[in-house]
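Let me begin by presenting the structure, written as structure tokens, before commenting on it.
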Amino acid sequence: MLRFILAMVIPVIIFIYTMSFTRWMSSQKHLVAATSAALLGVVTLFASGATIWKLLN
């Protein structure tokens, strides 16, 4: 489990950056782009987690 947590550090940092960018786009009134970026961030984090989990187990 520790290896999974350590392997997920970079995907989580990318997810946090994506959510920050999403908040910025929302403040600029680009709601469709913000929603798309948020959805892409969540899907990417889930896909990274599933892939790393499968590789480590």
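Derivation of every value follows stated rules applied to the coordinates shown; laboratory data play no part. Note that the structure is a prediction, hence the values are computed from the model and not measured. Positions of Cβ are backbone-derived with ideal geometry, glycine not excepted, and every protein chain shown enters the neighbour counts.
For the reader, a short list of remarks on this structure follows.
- Among the residues of segment 1-45, those identified as in contact (Cβ under 8 Å) with a residue 24 or more places away in the chain, surrounded by 14 or more Cβ atoms within 10 Å (Cβ to Cβ) and of a type outside the set (A, V, I, L, M, F, W, C) are 11, 18, 41, 44.
Conditions tested, residue by residue: (1) of a type in the set (A, V, I, L, M, F, W, C); (2) under 8 Å from the mean Cα position of the chain (by Cα).
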| site | (1), (2) |
| --- | --- |
| 4 | yes, no |
| 25 | yes, no |
| 29 | no, no |
| 33 | yes, no |
| 39 | yes, no |
| 46 | yes, yes |
